[in-house]
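Structure first, commentary second.
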Amino acid sequence: MKYKLTLNGRTYEVEVELAEPMAMQEFQTYAPTPAAPVTQAAPVAAPAAPAAAPVAAGSGETVSAPMPGTILKVNVQPGQAVKEGDVLVVLEAMKMENEIMAPKAGTVSQVLVSKGSTVETGAPLVLIG
């Protein structure tokens, strides 16, 4: 079947082919599985787990990763004073850059990640005292 669609003032002609209906389980075998990259990323994130031990020894508030991703930029250093809302780290997740901000004013006690690190949800990023 051919259809004409108008999108933002431009007209497109689209041809659609009918296919055999299939159950959801059959469809999932054809769909790409995003689980493979996540599985590969898990061993890379494992070194971040030992870094969590110093957090328990320090004092202050831990700023954690809200989602899994890759650290694109670290904007702070230990000993640096930050204000509430300052961007501490830029985290790439699903092709989007997410700014991780300071939840309170204080001094950065520890930076637990570096540029290029892969982190999981809840991984400690920065400790603010």
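The values are calculated or read from the model by the stated rules, or taken from the named source; none is laboratory data. Computed from a predicted structure; not experimentally measured. Cβ placement follows ideal geometry from the backbone for every residue including glycine, while neighbour counts extend to all protein chains displayed. Please note that ligands, DNA and RNA were not included when accessible areas were found on the heavy atoms of the full protein model with its side chains. Shrake-Rupley method; radii C 1.70, N 1.55, O 1.52, S 1.80 Å.
General observations
- Neighbours of LEU5 by Cβ distance under 15 Å: Lys/Arg scored +1, Asp/Glu scored -1, total +1.
- Using a cutoff of 8 angstrom between alpha carbon atoms and counting only pairs six or more residues apart, the relative contact order for region 83-124 works out to 33 percent.
- Difference of contour (0.36 nm per residue) and Cα-Cα distance, LYS115 to ASP86: 8.7 nm
- Using a probe of 1.4 Å on the protein chains alone, the accessible area found for LYS73 is around 110 Å².
- Candidate lysines - alpha carbon under 20 Å from LYS115, same-chain residues fewer than 8 apart omitted: LYS73, LYS95
- Region 62-103 gives an Rg/Rh value of 0.96, both radii derived from C-alpha positions and Rh following Kirkwood.
- FRET efficiency, GLU15 to GLU97 (Cβ-Cβ, R0 35 Å, nearest 0.05): 0.40
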